[in-house]
Amino acid sequence: MSVEFRNISKRYGTDPSAPLVVKDISFVIVQGTLTTILGPSGCGKTTVLRMIAGLESPTAGQVIVSGRDVTTLGPADRNVSMMFQSYALFPHMNVGENVRYGLKMSGVAKDTARTRADEALKNVGLVGFDERLPSELSGGQQQRVALARALVLEPAVLLFDEPLSNLDARLRREMREEIRSLQQRLGLTVAYVTHDQSEALAVSDQIIVMDDGGIAQSGTPHDLYERPDTEFVAGFMGEAMLFPAVAATDGSVQLGPLRIVPAQRLAAGAVKVAVRPEAWQIHRAGSAGAAALSGTLLKSAYLGSLFEYTFETVLGTVFVVSPELTTVLPLGAEVVLTLAEHGVSVVKVSTPAAR
């Protein structure tokens with residue numbers, strides 16, 4: 001294993017009554033994999049990353065990197081590189097100098113530093129950019145320089161703090177693909193912090209969802225999307241809508257006129273059903289039988305590759321994403337809705353104590 005947190009807690013300041021920003025969390029990032037720490041602003045995810053880097057010290061617990069307890073060690077003694085949201089390039093240095101800077105500070109010989117920097121720039125697709133200044137580069141190119149500067153140090157663990165937040169949508173998609181491809185090709189161990197669910201789903205081997213300083217759930221992207229454990233995870237991953245429902249003694253769940261058989265049997269009683277927008281299937285009124293949900297179209301938005309619809313139903317408003325572009329529904333259209341097998345999860349009702 002490359003990174004392990006053992007019962008880590010963190011509070012700022014020395015007052016023992018001060019609130020914990022990270023609350024007794026444990027997890028493992030396996031060597032050669034990418035783990036994303038995901039959650040809303042203020043959940044503690046960046047504090048976790050900074051504790052891996054050695055920029056913050058835990059109040060309690062142990063940080064293990066490559067089998068070594070580094071809890072009390074500073075950043076320079078951990079063999080960890082961190083790529084910041086702002087890139088933090090030196091504006092007066094050219095690309096080559098920026099990439100070689102960390103090696104220079106570590107006393108690496110000039111020829112060796114140049115060879116390693118050339119290889120790092122090759123890995124991020126910036127061969128021939130050595131003499132350019134950061135001001136002469138696009139945002140995506142500046143990010144690649146920052147990535148090369150982190151890679152050239154050959155760290156045991158590479159850390160990313162919201163690395164794509166300063167880029168436009170197209171560049172974000174390109175760079176997340178680049179980071180994932182590079183991580184897999186070089187076998188890097190990566191901890192990656194973001195608040196963007198689609199970004200996390202696209203790049204991760206493991207996702208750790210944080211809520212209010214604790215771990216709400218961890219697992220593969222597929223597990224978290226299709227099998228959330230809690231209302232929070234269901235609502236946070238993929239914009240699921242939550243509906244109150246009732247689990248019967250036979251294990252089925254009744255959601256209005258719809259009957260659902262969840263993958264895991266729940267105790268009879270009140271539950272919540274999390275439905276992704278793409279799980280709804282739209283039919284002409286009267287064409288789907290009795291086990292369907294009637295709806296009236298309230299809003300419609302065309303997004304090029306899909307339509308977004310909002311329907312009024314007995315369950316309340318229902319948000320639907322449809323790839324069907326040949327048939328445009330007019331406002332006020334009467335339809336019936338059924339559910340696909342994917343994108344539907346049943347979770348227990350959260351109590352205040354659980355949160």
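Structure data summary
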quantity	calculated
Residue that is nearest to Met210 (Cα to Cα), among those in the stretch 1-18 that are in contact (Cβ under 8 Å) with a residue 12 or more places away in the chain and assigned to a loop (DSSP other than H, G, I, E, B)	Arg11
Residue in the stretch 75-90 that is more than 24 Å from Glu154 (Cβ to Cβ) and assigned by TED's automatic domain parsing to the domain that holds Gly13 present	no
Number of positions in the stretch 241-262 that are in contact (Cβ under 8 Å) with a residue 60 or more places away in the chain and assigned to a loop (DSSP other than H, G, I, E, B)	1
Tabulated pairs, the stretch 263-277, first closer than 16 Å to Phe319 by Cβ, second of a type outside the set (A, V, I, L, M) and at pLDDT below 80, C-beta under 6 angstrom, 6+ apart or interchain	Arg276/Gly238
Residue within the stretch 218-228 that is in a loop (DSSP other than H, G, I, E, B) and over 15 Å from the mean Cα position of the chain (by Cα) present	yes
From Arg149, Arg180, Arg173, residue being buried (at least 23 other Cβ atoms within 10 Å of the Cβ) and either of a type outside the set (Asp, Glu) or in a helix (DSSP H, G or I) (or both)	Arg149
Breaking point among (1) under 22 Å from His342 (Cβ atoms); (2) outside any loop (DSSP other than H, G, I, E, B); (3) in contact with a Phe, Trp or Tyr (Cβ under 9 Å, 6 or more places away or on another chain), for Glu324	(2)
Residue identified as surrounded by 13 or more Cβ atoms within 10 Å (Cβ to Cβ), in contact with a helix residue (DSSP H, G or I) (Cβ under 7 Å, 6 or more places away or on another chain), farther than 28 Å from Met51 by Cα and in contact (Cβ under 8 Å) with a residue 24 or more places away in the chain among Leu133, Leu103, Leu126	Leu126
Breaking point among (1) under 30 Å from Cys43 (Cβ atoms); (2) at pLDDT below 95; (3) touching a helix residue (DSSP H, G or I) at 6+ places or on another chain (Cβ under 8 Å), for Gly269	(3)
Single residue of the stretch 269-287 satisfying the filter (under 14 Å from Val346 (Cβ atoms) and exposed (fewer than 13 other Cβ atoms within 10 Å of the Cβ)) that is farthest from the chain's Cα centre (by Cα)	Gly269
Filtered residues of the stretch 35-85 (kept if farther than 20 Å from Leu164 by Cβ, in contact (Cβ under 8 Å) with a residue 24 or more places away in the chain and of a type in the set (D, E, K, R))	Glu56, Arg78
Leading residue by the ranking (surrounded by the most Cβ atoms within 10 Å (Cβ to Cβ)) among those in the stretch 28-73 that are in a strand (DSSP E or B) and among the β-branched types (Val, Ile, Thr)	Ile37
Residue within the stretch 194-204 that is in contact (Cβ under 8 Å) with a residue 60 or more places away in the chain, small (Gly, Ala, Ser) and more than 30 Å from Ala156 (Cβ to Cβ) present	no
Test: Gly238 is touching a residue at least 40 places away in the same chain (Cβ under 8 Å) and either assigned by TED's automatic domain parsing to the domain that holds Leu306 or in a loop (DSSP other than H, G, I, E, B) (or both)	yes
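The values are calculated or read from the model by the stated rules, or taken from the named source; none is laboratory data. These figures come from a predicted structure and were not determined experimentally. Don't worry about glycine lacking a Cβ; one is built from the backbone with ideal geometry, like all the others, and counts go over all protein chains shown.
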